[in-house]
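The values are calculated or read from the model by the stated rules, or taken from the named source; none is laboratory data. Quick caveat: nothing in here was measured; it's all calculated off a predicted structure. Because the Cβ atoms are built from the backbone with ideal geometry, glycine has one as well, and the counts that use them run over all protein chains shown.
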Amino acid sequence: MLMKRLLVATAAAIALWSWWDYRAGAADSSGLTGPRRRIAVVLSVGGLGDKSFNDSAYEGLLRAVRELGIEEAHGEPADIAEPAEFLDVYAEEGYDLIIGVGFLMKDAVEKAARSHPDRKFALIDAPIDPREYPNCASLLFSEHEGSFLVGALAAMASKSGRVGFVGGMDIPLIHKFKVGYAEGARHVNPECEVLVRYAGAGPDAFHDPVKGKAMAETLFSQGVDVIYHASGSTGNGVIQAAAEHGKLAIGVDANQNYMKPGHVLTSMLKRVDVAVCETIRAVCEERFQGRVCVFGLKEGGIGYAMDEHNRALVTSPMQERVEALKAKILAGEIRVTDYLEVQRGK
Amino acid sequence: MLKKLDELSVSAWALLAAGVVVSLVILAIGENPIAVGRALIDGAFGGPRRVANTLQYAIPLTLSGLAVALAFRGGLFNIGVEGQLYVGAFAAAIVASPVASRTAGEGLATACGPLAILAAILAGVTAGAFWAGIAGALKSLRGVNEVIATIMLNWIALFLVGYLVNLPSFKATGDIPQTAEIAAGGRLPGLFPLSGDGAVMAGSGLLLALTTLLAVVWLFGRSVLGYEIRAVGHNPSAAEAAGIPVRGRLLQTMLLSGAIAGLVGADQVLGVHHRFIANFSPGFGYLGIAIALLGRNHPVGIVIAAFLFAALKGGALQMDALTNVPREMITVLQAVLLLFVAAAAGVRARMGARET
């Protein structure tokens, strides 16, 4: 009986104290609004540490902290209902711009943009109609152009005339990488064969390195000697397999050349960091608009990685040739097929 | 009843102790436990939308806790709630979604809302019961250990619905493996407004959870079936000697447990996501085991435990969004809590043994 009374008394004391403390906290937090811009990023499921997509977005946010002096916050959703909750929390807490990372967040960003019309939103990798959502920018990339360039490099490096592609989810966004890659490879060597595999049909396909490794090994056994992956951390398995079998892999999104030096031919750079940082800059300079922004070769949003880790793999004639192709794309002499545009046209 | 409630104080003491331990851990990583506590409370209850989220999250937790506890009372350990809720969710979605009604002819969901909702709930409940019934039948006919069978069936369920949702006849257009959105008339309506303008509503899944709760209380408190299930749970040989058909009761226990699990899935589809999405559950079925343990298999205890976990979840998200304390700290809190509950139960049992 004494125990029970003690328990009730302790519980009451804690409740009273936390209420008082909560009130005190609510009072002092109101004085915190300064001229600093507050920017939040909601990462895609999988979170930080993927050495690719999410890490790249976070790097852009950190650069904005350094260069623009913003205050940052970032959320890592643990399940599919959480992106929407994070967006709401940041909108309610008065963040100026909230960036959603990844096409899976499209519905959630649209919904948040509708219920918080006074906040600015941006979504990476899927288009949102700015007429319907004037407070929402979509940040898209010309992945087909970068994939074309690494495809050309793959065909130049391949001795067997067979190159491989490992995709994450079997969806149009990933087909866009594959189509550009195959066009680049065939531009260099019209006889080049492109063998394609996908890790699966659900979002898990983007973080399954074990499957990535198994698929890469199958492709190698079929005579492929260079594999380009567009599969998030599934690709870590592809790169691992390339190193173990003495073949070549091509990284994606971030510069992955360092992961297995000598076995990563190059990486198709998708500068999510540039898109994030530039969008934050637009907000700071009061010129943010709800519109579809495309980051391509011209804007420096897409490229291929050259550094000390792959200098021995890409000879200077190879690099000159790929630079010439890049110039032709920029000049409009080569038009790489944008699979998503073809899809929309249908 | 009162004696049972007294047992719940074990969980309350465990919560207190776990809070102290986690506060020390937070201090050790150089953060302020008071600020963390404030973010937790604010995230769970600071505003109508957060209250609605907390209430909504408590529904599946209460139900799956009840599903686990019901089986447990009958001497069965149903680890398969996760798989059962997936099967139930998918069944509810194809009955409610316009994709299914297109093949059936007239738009079922749009034509008659309440009937469609009821049909979808029934489909979910039936499918969940069926899935649990497989393990139940294996147990009662062949004596297959239900722990193994339900764990295996979880994976089969997950991959089966993952395959089905990608079939052209079920999959919605777009990149995500999900069924088409259920029309507004086929969704669970809001129950009561939480914000002044009525924009934020509490989900009517609360009503489903409450009804189930009362049904479980009635089952074990008033019905012959509930009495016999408990008898089998306490001592199958004695129950058999007393003329209770043990095999039949084992199967029925699993069916009832699975039916509640199916209801979890139906509520998620009809009340939250408004469609079936592959891998939608953040492990409700497994959390149910923790909640049944924390609530000591008592219906009231389960409700309290479910609301505690739901509040922690909303709070954890807020904490992750706005402070530097990683949300894993909440997982630590939950784990420490369960350890204390399990340990306290052991200590109590020994003390009880010494007294007699």
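Side notes on the structure shown:
- Here A:VAL264, A:VAL274 are screened, and the one residue that is touching a helix residue (DSSP H, G or I) at 6+ places or on another chain (Cβ under 6 Å) and either under 25 Å from A:ASP125 (Cβ atoms) or surrounded by fewer than 19 Cβ atoms within 10 Å (Cβ to Cβ) (or both) is A:VAL264.
- Single residue of region B:167-192 satisfying the filter (under 19 Å from A:PRO172 (Cα atoms) and free of Cβ contacts under 8 Å to residues at least 40 places away in the same chain) that is surrounded by the most Cβ atoms within 10 Å (Cβ to Cβ): B:LYS171
- In region A:266-311, the residues that are of a type in the set (Val, Ile, Thr) and in a strand (DSSP E or B): A:THR266, A:VAL292, A:VAL294, A:ILE302
- Residue within region A:315-336 that is under 30 Å from A:ARG36 (Cβ atoms) and under 23 Å from the mean Cα position of the chain (by Cα) present: no
- Only one of A:PRO172, A:PRO209, A:PRO190 that is in contact with a Phe, Trp or Tyr (Cβ under 7 Å, 6 or more places away or on another chain) and surrounded by fewer than 20 Cβ atoms within 10 Å (Cβ to Cβ): A:PRO172
- Qualifying residue in region B:118-140 (condition: within 14 Å of another protein chain (Cβ to nearest Cβ) and in contact (Cβ under 8 Å) with a residue 24 or more places away in the chain): no
- Residue check for A:GLY94: at positive phi, more than 14 Å from every other protein chain (Cβ to nearest Cβ) and surrounded by fewer than 20 Cβ atoms within 10 Å (Cβ to Cβ): no
- Within region A:71-91, tally of residues that are more than 9 Å from chain B (Cβ to nearest Cβ) and either in contact with a Gly (Cβ under 7 Å, 6 or more places away or on another chain) or not in a strand (DSSP E or B) (or both): 4
- Of A:GLU320, A:GLU286, A:GLU308, A:GLU217, all but one fail to be at pLDDT 95 or above and out of contact with any strand residue (DSSP E or B) (no Cβ under 9 Å at 6 or more places or on another chain); the exception is A:GLU217.
- Long-range neighbours under 7 Å by Cβ, at least six apart or interchain, first residue more than 11 Å from chain B (Cβ to nearest Cβ) within region A:100-116, second crowded, with 24+ Cβ neighbours inside 10 Å and modelled with pLDDT under 90: A:VAL101/A:ASN54
- Residue match in region B:291-306 (condition: crowded, with 24+ Cβ neighbours inside 10 Å, modelled with pLDDT of 90 or more and within 28 Å of B:THR179 (Cα to Cα)): no
- Subset of region A:39-70 that is within 14 Å of chain B (Cβ to nearest Cβ) and modelled with pLDDT under 90 - its residue that is surrounded by the most Cβ atoms within 10 Å (Cβ to Cβ): A:SER44
- When A:LEU104 is tested against (1) part of a helix (DSSP H, G or I); (2) farther than 19 Å from A:PRO172 by Cβ, just one condition goes unmet, and that condition is (2).
This table checks each residue for (1) in contact with a Gly (Cβ under 9 Å, 6 or more places away or on another chain); (2) touching a residue at least 12 places away in the same chain (Cβ under 8 Å).
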site: B:VAL272; (1), (2): yes, yes
site: B:ARG275; (1), (2): no, yes
site: B:PRO282; (1), (2): no, no
site: B:ALA290; (1), (2): yes, yes
site: B:GLY295; (1), (2): yes, yes
site: B:PRO326; (1), (2): no, no
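- Of all residues in region A:197-214, those that are more than 14 Å from every other protein chain (Cβ to nearest Cβ) have Cβ atoms under 6 Å from Cβ atoms of residues that are assigned to a helix (DSSP H, G or I) and surrounded by fewer than 21 Cβ atoms within 10 Å (Cβ to Cβ), 6 or more apart or on another chain, in A:LYS213/A:GLN240.
- Of the helices (runs of 4 or more DSSP H) lying entirely inside region B:192-299, those containing at least 1 residues that are away from chain A (no Cβ under 14 Å), farther than 20 Å from B:GLY136 by Cβ and among the β-branched types (Val, Ile, Thr) span B:205-222, B:284-294.
- Tabulated pairs, region A:154-178, first in contact (Cβ under 8 Å) with a residue 40 or more places away in the chain and more than 14 Å from every other protein chain (Cβ to nearest Cβ), second of a type in the set (Lys, Arg) and surrounded by 20 or more Cβ atoms within 10 Å (Cβ to Cβ), C-beta under 8 angstrom, 6+ apart or interchain: A:GLY164/A:ARG197; A:PHE165/A:LYS178; A:PHE165/A:ARG197; A:VAL166/A:ARG197
- Test: B:ALA242 is at pLDDT below 95 and within 27 Å of A:VAL45 (Cα to Cα): no
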